[in-house]
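Following: one structure in structure tokens, then a few remarks.
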Amino acid sequence: MHIAIIGATGMIGKPVTHELRKAGFSIRIIARDVAAARRLFPGTEIAAGDLRTIASLIGPLQGIDTVYLNLSIRQTEKPADFHTEEQGIVNLIEAAKQAGVRRIAYLSSMVMRYQDMDGFSWWVFAIKQKAVRLLKASGIPYTIFYPSCFMESLNTTQRVGRFVLQIDRSSVRPWYIAAEDYGKQVARAFQIARGGQHQEYVIQGPEAITQHEAAERFVKAYPTKKLVTLTVPSSLIRLGQLFSAQADYGWHITKALNGYPEVFEAQQTWTDLGVPQTTVERFADSASMQG
């Protein structure tokens, strides 16, 4: 099977790409920054392409069976901007049809379901929900993954130097998943996909823990540096909403993560794609070795 990946250089895209390579798939990475992709994935086929233009995608998608999308909305984006998960997906669908792609796979979100709960409304979640509708209406077989919180956030977006930041406290218990485990499940989903079959999978890790428990266990298990958890009130972020797009993004995503009442839904995923094995402690040990 020939798989094209858009978004391979991102936090989740990198481990998924590595797992697809290990599973034996023929990989072609489509990227705007070809040089950066080559540095991360030496020996892998790289093609230049940009979701902003249909024409730039048609050539790189030739001969591809499945295209996997690992997209995101940056914290600095504004509602009126170009969004890869909106206009970009529209362009991708048209290019995929012209190139004869047989399946589109997409990393979505579980927490976007918080939209319209507790009076919450956010344009970012509206775009993510629209992305799912676009793929389902495309006429192309699709595979959509809806993940819980990724453990990688503990060591990237939440980490500032030696501090692992938490905003407010919540009793919500996400099922944290490691991107490596998720990548294995993506590979398995492609292996078992048949013909025009559609696939939708909820992605959850081995246990439900609060965000504070996850951070504290990560800090305790991190072997090479003395890390510390730091909790700050969301009111500080809200003060910056009017002046900073990043602060506005941070307040909204925190509100959703702290409020969405996640329950276990991944039994069918585990049956079809395998049970995730990585605990927070195992992830902390692996993250320390990667620097």
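Using θ = phi - 60° and the Karplus curve 6.51 cos²θ - 1.76 cosθ + 1.60, what whole-Hz ³J(HN,Hα) does each residue of the stretch 184-193 get, with Gly and Pro shown as x?
Those phi angles translate into 5, 5, 4, 4, 5, 4, 5, 5, 9, 4 Hz.
To the nearest 10 square angstrom, how much accessible area does T53 have with a 1.4 angstrom probe?
The value for T53 is about 70 Å².
Quick check on the stretch 1-130: take the gyration tensor over C-alpha atoms, sort the square-rooted eigenvalues as a ≥ b ≥ c, and tell me if it's rounded (a/c under 1.5), prolate or oblate.
Because a/c hits 1.5 or more and a/b exceeds b/c, the stretch 1-130 counts as prolate.
Based on the alpha carbons, how large is the Rg to Rh ratio for the stretch 1-69 when Rh follows Kirkwood?
Numbers: Rg = 10.9 Å, Rh = 11.8 Å.
Checking Rg against Rh, the ratio lands at 0.92.
Please compute the modelled spin-label separation between D33 and R133, points set 7 Å along Cα→Cβ, answer in nm with one decimal.
Those two pseudo-labels are separated by 3.3 nm.
Treating cross-link reach as a plain straight distance, find the aspartates and glutamates whose alpha-carbon is under 15 Å from the alpha-carbon of K78, omitting any fewer than eight places away in the same chain.
E86, D248
Using a cut-off of 20 Å between alpha-carbon atoms, which aspartates and glutamates can reach K184, once sequence neighbours fewer than 8 places away in the same chain are excluded?
Partners found: E19, D65, E152, E200, E207, E265, D272, E281, D285.
Roughly how many Å² of W123 are accessible to a 1.4 Å probe, to the nearest 10?
Number for this one is 70 Å².
Are there any trypsin sites (Lys or Arg not before Pro) in the stretch 123-163 that are in a DSSP loop and have at most 15 other Cβ atoms within 10 Å? List them by number.
R162
What do you get for trypsin sites (Lys or Arg not before Pro) in the stretch 190-291 restricted to DSSP loop and a cutoff of at most 14 other Cβ within 10 Å of the site's Cβ?
Here the sparse-neighbourhood loop sites are R194, K225, K226.
So, how do all the Cα-to-Cα distances of the chain break down into 5 Å bins, in percent, from 0 on up?
P(r) for the chain, in whole percents per bin: 1, 5, 12, 16, 18, 18, 14, 10, 5, 2, 0.
In percent, how large is the relative contact order of the stretch 169-210, given Cα pairs closer than 8 Å and 6 or more residues apart?
Result for the stretch 169-210 is 74 percent.
Of all the accessible heavy-atom surface of the chain, with the other protein chains kept in place and a 1.4 Å probe, what percent is carbon and sulfur?
53 percent
Counting each DSSP H run of 4 or more residues in the chain as -39500 (n - 2.57), what helix-only mean residue ellipticity at 222 nm follows after dividing by all residues, to the nearest 500 deg cm²/dmol?
Value at 222 nm, helices only, nearest 500: -11500 deg cm²/dmol.
For the chain, what is the relative contact order in percent, using Cα pairs closer than 8 Å and at least 6 residues apart in sequence?
Once normalised by length, the contact order is 18 percent.
Calculate the dipole size of the stretch 182-226 relative to its Cα centre from +1 charges on Lys and Arg beta carbons and -1 charges on Asp and Glu beta carbons; express the result in debye to the nearest 20.
Values: 7 positive and 4 negative charges, 56 e Å.
In total the dipole reaches around 280 debye.
Which pairs, out of K97/K128; K97/K130; K22/K136, put more than 24 Å between their alpha-carbon atoms?
On the way: K97/K128 22 Å; K97/K130 19 Å; K22/K136 29 Å.
Long pairs (Cα-Cα over 24 Å): K22/K136.
Can you list residues whose amide H is under 5 Å from I203's amide H, if they're 5+ apart or on another chain and H is modeled 1.01 Å from N?
The answer is Y146, S148.
Taking amide H positions as placed 1.01 Å from N in the peptide plane, with prolines and chain starts having none, which residues 5 or more places from R159, or on another chain, fall under 5 Å of its amide H?
Amide H neighbours of R159: L165.
Just to verify a number: what accessible area does D272 come out at with the full protein assembly present, 1.4 Å probe, Å² rounded to tens?
50 Å²
Compute the distribution of all C-alpha to C-alpha distances in the stretch 123-203, in bins of 5 Å from 0, and list the percent of pairs in each, rounded to whole numbers.
3, 11, 16, 18, 20, 15, 9, 6, 3, 1
Once you have the Cα-Cα distance between T224 and V172, take 0.36 nm times their residue separation minus that, and quote the gain in nm to one decimal.
15.8 nm is the gain from fully extending T224 to V172.
The values are calculated or read from the model by the stated rules, or taken from the named source; none is laboratory data. Quick caveat: nothing in here was measured; it's all calculated off a predicted structure. Heads up, the Cβs are rebuilt from the backbone with ideal geometry, glycines too, and the neighbour counts pull from every protein chain shown. We work out accessible area using only protein heavy atoms, side chains counted, and drop any ligands, DNA or RNA first. Shrake-Rupley method; radii C 1.70, N 1.55, O 1.52, S 1.80 Å.
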